[in-house]
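Heads up, the thing below is written out as structure tokens.
The values are calculated or read from the model by the stated rules, or taken from the named source; none is laboratory data. Since we're looking at a predicted model, the values are computed, not measured. In this analysis, Cβ positions are derived from the backbone assuming ideal geometry, glycine residues included, and neighbour counts consider all displayed protein chains.
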């Protein structure tokens, strides 16, 4: 029984930690520790689900919800830390948010559910975005450009997938890959 729900429990633990992450904005060390724990749970839940054969639509949706919440918490932290220097990145952030919002609306209309596809582009964007607080802390803001560019490209890729697909495959690898190994025929 525990094995069946372990991945979802790990995802839920990430969601439960996010308010504490938000409260840790004034304490960089606490923020970093909680942030690393959240990142570890993000990697562990999918790995455990695949390893134990317990991946599910519910788990994929919980993971997407946890990712969105974590994105919001980290974005707010980054915004507060960068301050006025965020200016050059703001159009990219707005464009990414607009396309991602459009993707959610298209998925809701087309598939009758909110969904974020777990493409390799989205995973790579998530990985780079995970590094953003460390990039900001090192005061090397130039390293944020790849994050911005990839986030727009992966959002566009997901948009094209939604427009071209007849059915929802949350684990579609991307535009240039065949059907995901877990897709139902």
Subject >> Test for residue 109: is it within 30 Å of residue 30 (Cα to Cα), out of contact with any strand residue (DSSP E or B) (no Cβ under 7 Å at 6 or more places or on another chain) and either surrounded by fewer than 18 Cβ atoms within 10 Å (Cβ to Cβ) or in contact (Cβ under 8 Å) with a residue 60 or more places away in the chain (or both) >> reply: no
Subject >> Filter result for residue 144 (buried (at least 18 other Cβ atoms within 10 Å of the Cβ), out of contact with any helix residue (DSSP H, G or I) (no Cβ under 7 Å at 6 or more places or on another chain) and either over 17 Å from residue 67 (Cβ atoms) or at pLDDT 90 or above (or both)) >> reply: no
Original post:
Taking segment 28-42, which residues are touching a residue at least 12 places away in the same chain (Cβ under 8 Å) and surrounded by fewer than 19 Cβ atoms within 10 Å (Cβ to Cβ)?
Top reply: 28, 32, 37, 39
**OP:** Would you mention how many residues in segment 1-56 are closer than 25 Å to residue 135 by Cα, part of a loop (DSSP other than H, G, I, E, B) and under 18 Å from the mean Cα position of the chain (by Cα)?
**Re:** 0
**OP:** Considering every residue within segment 43-61, establish whether at least one is closer than 24 Å to residue 140 by Cβ, buried (at least 18 other Cβ atoms within 10 Å of the Cβ) and in contact (Cβ under 8 Å) with a residue 12 or more places away in the chain.
**Re:** no
Subject >> Residue selected from segment 112-133 under the condition within 17 Å of residue 81 (Cα to Cα) and in contact (Cβ under 8 Å) with a residue 40 or more places away in the chain, by the criterion surrounded by the most Cβ atoms within 10 Å (Cβ to Cβ) >> reply: 129
Subject >> Checking residue 24 against (1) in contact with a helix residue (DSSP H, G or I) (Cβ under 6 Å, 6 or more places away or on another chain); (2) closer than 21 Å to residue 148 by Cα, the condition it does not meet >> reply: (2)
**OP:** State the number of residues belonging to segment 135-149 that are more than 15 Å from residue 90 (Cβ to Cβ) and without any contact (Cβ under 8 Å) to a residue 40 or more places away in the chain.
**Re:** 7
